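Visitor: Following this message is one structure expressed as structure tokens.
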Amino acid sequence: MKKIFIPLLLTLNLYSVEFQPIHSSVQFYLENKHFSNSKQKIDGKVLGVGADIHIEKSEIRFAYEHGKTNTKQPPLKKDLNVEKLFLRYAYAPSKSFAFNINYLTVAHDNIAITDGGVAYGAGLSYFHSKQLGLNFNQYYTDYKDFNVYQSNFNIDFKTHIQAYKIKLTSENIYISIDEQHQNMFTKNAKKDYFTSAIKIHTHYKTWHFGGAAYFGKRVFAIMNEGFKVQHHAMEFDRTYAVGMGKNIGKAVVRLQYIYQRATELPMQNRDVKVKNLRAIINFHY
């Protein structure tokens, strides 16, 4: 539990100093997952809470989530309980450049060997114009029996068609696995993975619409700008997501549906389908 509370208290202390935030928000989210064709998992829920704090040219974001998954017994002996903590600091010295650092940890996992794993990240963004941005992030994840190196390169393009604001993103992810000790999680994994994605986000008045499609295989990936980590031995080869949201006063309510297809690596169980319904609410101050 120290891995959760110490970084969280440090972040809260940063917020308590006598700066004047430009704006900030608090976020709550709930996920409902269902697994098909899995030999280990049935369904589960994830509850998360987070915040982002803007202080002049700096942004501090953090999130804590707790997940519980009903498992098949046997082969597993108990249900899965997971706690994760995510931290991110970003600073923009000018309109053209910004950099960020990330920290995340699988603070508790009562089943997987990735329990206690930590990851660090650093990134640089270059904004050629208001329409075009380039982003590079490098992550290093340290698990007990293996390490994961991940490189992300994104291209963002913004435009508008009449009252519709549109953002298109091309995301490319390279993952390399460094096996320190023989273990079941990396036994059937490849050494290198490459996956790419196309994302779109549209903003019309008080409505938001989005979608994403990932192609290529990935495993042990860090996603969502360092606020998701796939720390179980599942090799994903397809991901599709759609979502919509609405501004209601100072709140933003969003609903997302995510479909993924994977292989459970320890037993080479293919065609596992993961369906995830996610509800998110942000309160802006």
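Taken together, the values in this text are just the output of simple stated rules run on the coordinates, not laboratory data. All values reported here derive from a predicted model rather than from experimental measurement. A quick note on method: Cβ atoms are made from the backbone with ideal geometry, for glycine too, and the neighbour counts reach across all protein chains shown.
Visitor: Provide the net charge surrounding residue 246, with neighbours chosen by a C-beta distance below 12 Å and charges set as Lys +1, Arg +1, Asp -1, Glu -1.
Guide: Here the charged neighbours net out to +2.
Visitor: Additional query: Provide the gained length on full extension for the span residue 30 to residue 250, in nm with one decimal, where the gain is 0.36 nm per separating residue minus the Cα-Cα distance.
Guide: 77.2 nm
Visitor: Give me the count of lysine pairs in region 212-285 whose alpha carbons sit under 23 angstrom apart, restricted to pairs 8 or more positions apart or on different chains.
Guide: For region 212-285, the number of qualifying lysine pairs is 6.
Visitor: Given a cut-off of under 8 Å on Cα pairs at least six residues apart, what relative contact order in percent is computed for region 81-137?
Guide: Answer for region 81-137 is 30 percent.
Visitor: Going from the alpha-carbon gyration tensor of region 180-285, what semi-axes, largest first and in whole Å, does one get by taking the root of 5 times each eigenvalue?
Guide: 33, 14, 12
Visitor: Now for a separate question. Highest GNM mean-square fluctuation, the chain, Cα pairs closer than 10 Å: which of 187, 45, 250?
Guide: Of 187, 45, 250, the most mobile in the Gaussian network model is 250.
Visitor: Taking the Cα centre of the chain as origin, sum charge times position over the Cβ atoms of Lys and Arg (+1) and Asp and Glu (-1), and report the length of that vector in debye to the nearest 20.
Guide: Result for the chain is approximately 860 debye, rounded to the nearest 20.
Visitor: Set the Förster distance to 22 Å, then compute FRET efficiency between residue 283 and residue 132 from the Cβ-Cβ distance, nearest 0.05.
Guide: 0.10
Visitor: Sticking with this one: On full extension of the chain, what length is gained from residue 257 through residue 73, given 0.36 nm per residue of separation minus the C-alpha to C-alpha distance?
Guide: 63.4 nm
Visitor: If you put +1 on each Lys and Arg Cβ and -1 on each Asp and Glu Cβ, how big is the dipole of region 203-273 around its Cα centre, in Debye rounded to 20?
Guide: Computed charge dipole of region 203-273: roughly 340 debye.
Visitor: With +1 on each Lys and Arg Cβ and -1 on each Asp and Glu Cβ, and nothing else charged, work out how big the dipole of region 173-242 is about its Cα centre, in Debye to the nearest 20.
Guide: Once rounded to the nearest 20, the dipole reads 240 debye.
Visitor: Another question, then. Using +1 at the C-beta of Lys and Arg and -1 at the C-beta of Asp and Glu, which of 105, 91, 233 has the Cα lying farthest in the positive direction of the dipole of the chain?
Guide: 233
Visitor: How large are Rg and Dmax for the chain when only the alpha carbon atoms are used, in Å?
Guide: 19.1, 57
Visitor: Right, something else. In whole Å, what is the distance between the alpha-carbon centres of region 245-282 and region 96-127?
Guide: Cα centres, region 245-282 to region 96-127: 20 Å.
Visitor: For region 104-206, what Kirkwood radius comes out of the mean inverse Cα-Cα distance, in Å?
Guide: Hydrodynamic radius (Kirkwood, Cα pairs) of region 104-206 is 16.1 Å.
Visitor: Another question, if that's okay. So how tilted is helix 2-16 from the main axis of the chain? Cα-based, degrees 0 to 90, rounded to 10.
Guide: 0 degrees
Visitor: Follow-up question, since we're still on this one. Give me the extension gain from residue 273 to residue 168: residue separation times 0.36 nm, minus the current Cα-Cα distance, reported in nm with one decimal.
Guide: 35.1 nm
Visitor: May I ask you to derive the relative contact order of the chain, considering only C-alpha pairs under 8 Å and at least 6 residues apart, and to give it as an integer percent?
Guide: About 14 percent, as a whole number.
Visitor: Related question: In Å and whole numbers, how far do the C-alpha atoms of region 46-156 stretch along each principal axis, longest first?
Guide: For region 46-156, the Cα spread along each principal axis is 56, 27, 22 Å.
Visitor: Same structure, new question: Compute a Gaussian network model of the chain, connecting alpha carbons closer than 10 Å, and tell me which residue from 160, 201, 108 fluctuates the most.
Guide: Evaluated over the chain, the most mobile residue of the options is 160.
Visitor: Continuing with this model, one more query. Which residue, chosen from 36, 267, 137, occupies the Cα position most advanced towards the positive end of the dipole of the chain, where the dipole is computed from +1 (Lys, Arg) and -1 (Asp, Glu) charges on Cβ about the Cα centre?
Guide: Most positive-ward Cα: 36.
Visitor: Can you give me the distance in nm between label points at residue 149 and residue 176, each placed 7 Å from the Cα along the Cα-to-Cβ direction?
Guide: 0.3 nm
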